[in-house]
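Right, one structure below, let's go through it.
The values are calculated or read from the model by the stated rules, or taken from the named source; none is laboratory data. Since the structure is predicted, the reported quantities are computational estimates derived from the model, not experimental observations. All Cβ positions, glycine included, derive from the backbone under ideal geometry; neighbour counts span all protein chains shown. To get the accessible areas, we keep the full protein, side chains included, count just its heavy atoms, and leave off ligands, DNA and RNA. Shrake-Rupley method; radii C 1.70, N 1.55, O 1.52, S 1.80 Å.
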Amino acid sequence: MTGPVPAQSEQLSVDAYAAVAGEDVILQLRRLAEPLAGKRVVHVNSTRQGGGVAEILAKMIPLMRDLGLDARWEVITGTPDFFQCTKGFHNALQGDRVEIPDRLLAVYEDVNRQNADALRDVLKDADFVFVHDPQPAPLLHFTGTRSGKWIWRCHIDASRPQRNVWRYLRRFVSGYDASVFSLPAFTQSLPHPQYVIPPSIDPLSDKNRELEPAEVAGVFDRFGIDPDRPMILQVSRYDRFKDPIGVIQAYRMAKRYIPGLQLVLAGGGADDDPEGEAVLAEVRTAANGDPDIHILVLPPDSHMTINALQRAADIVLQKSLKEGFGLTVSEAMWKRKPVIGGNVGGIRLQVINHQTGFLVNSPEGAALRIRYLLHKRDKLEKMGERAREYVRTNFLLTRHLREYLTMMLGLMHGNAPRIELS
Ligand code: UDP
């Protein structure tokens, strides 16, 4: 039932991060990891490509391995009905009203039962199992006996979940030893410790590393974007919560004052997101053939292309209506771009209003801020510098790793009266 053998073997070294994060940060990571050497850690999610969770795991696993942990990444497989059900969970946890028929709930449980059977040997002996999001949440229930600590890692903006859906999922989540949410506002009533750990970006990945000017300029030709006119960008899966239609509306309003304005919407699918095609069709209809709106559908490994687009843009938008975190926000800020973001969820953690970008509540608000920044280039640049520094301090992978290691040590020692971390 599990996917192809995971890319366990990609070699990364935490030492490489010293240049960005500082020597002391690396030293601290190595010391924290010492008591965890050889521990078997399994991360489980539902897609190897597409979306923020896969983006993080692709780097987190090799770095944990470099720190001496025996870490691996497993991906559950499912049927179209399964992913329709879990997309319903996703939408309901983010506050939509969704009716999920019992037939789909039965599929959800059945698929998890089968995946638990296939993964039982790996899971039951693991010292730590991180289960990401609702898709594989029932694995613990169906695995039965376990020896290690199980952690449910919720990446979703669960600040106002649809109650009956959460009540159903909570039955599976309650048995975990801990859960992790990205923001305090997302935590729930649960019978175990809840950790608040925001996600992070990898500054050395193809998505975020420095690029040569020619590599950045390449995207202008490739996608027919005019380098001499301003360009705004949103990078996102085609998902209604990302509000691509609102972005088009904001672009249209701003364009009345900035006639040369161009908009790039860059997206692609995730294997576990069945709604992308429908949303893409809505976006195409809304764009109505405007030659200055570039709707890109990129293959899942387009990391350098996205990196170049983020660098080529004047401003980056993330006008989400709900957002667990929004890696795209930190990705853009790392490239010194002020972000105009929806005033929701994890975007609020990254966009400090008027400092590292602007928080907006409507397409009108976004249009106003686009105009402001394009007319005040000095402000745009200052905000971009602050944005970069804010990400360096708060949202790099090294901080994320440190918090996971600390949590694992805490869980390992349980209620011990004294825990020595070094
Ligand atoms: N992404 C990508 N290709 C796309 C759209 C998004 O590689 O076509 C990446 C994006 O750069 C980011 C991640 O996928 O690293 C999306 O994570 P985010 O937290 O922003 O949103 P999610 O998709 O998890 O809701």
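Label zone of Asp81 (point 7 Å out along Cα→Cβ, amide N under 11 Å): in region 102-137 this covers 102-111.
Legend: P(r) of region 272-370 from all alpha carbon pair distances, 10 Å bins from 0, whole percents, reading 14, 40, 40, 5. Here's the list of aspartates and glutamates a cross-link from Lys337 could span, going by alpha-carbon distance under 16 Å and ignoring same-chain residues fewer than 8 apart: Glu210, Asp314, Asp378, Glu381, Glu385, Glu389. Residue pairs exceeding 19 angstrom between C-alpha atoms, taken from Lys319/Lys379; Lys59/Lys87; Lys207/Lys335; Lys335/Lys382; Lys87/Lys207; Lys207/Lys322: Lys319/Lys379; Lys59/Lys87; Lys87/Lys207; Lys207/Lys322. Summarised in one figure, the compactness ratio Rg/Rh of region 18-88, Cα atoms and Kirkwood Rh, is 1.12. With the gyration tensor restricted to C-alpha atoms of region 1-154, the semi-axes of the equivalent ellipsoid amount to 31, 18, 13 Å, longest first.
In the context of the full protein assembly, Phe223 retains an accessible surface of approximately 40 Å², using a probe radius of 1.4 Å and ignoring ligands and nucleic acids.
Rolling a 1.4 Å probe over the protein chains gives Thr285 an accessible area of about 100 Å². Label positions at Leu27 and Asp221, each projected 7 Å from the Cα along the C-beta direction, are separated by 4.7 nm. Within the chain, all pairs of alpha-carbon atoms sorted by distance into 20 Å bins from zero give the percentages 26, 57, 16, 0.
Please find the FRET efficiency linking Asn164 to Ile419, where r is the Cβ-Cβ separation and R0 is fixed at 51 Å, and quote it to the nearest 0.05. Calculated value: 0.85.
Working note: Cα atoms of region 91-188, range along each principal axis, descending, whole Å: 38, 33, 16.
Computed from Cα positions, the angle between helix 52-66 and the longest principal axis of the chain comes to roughly 50 degrees.
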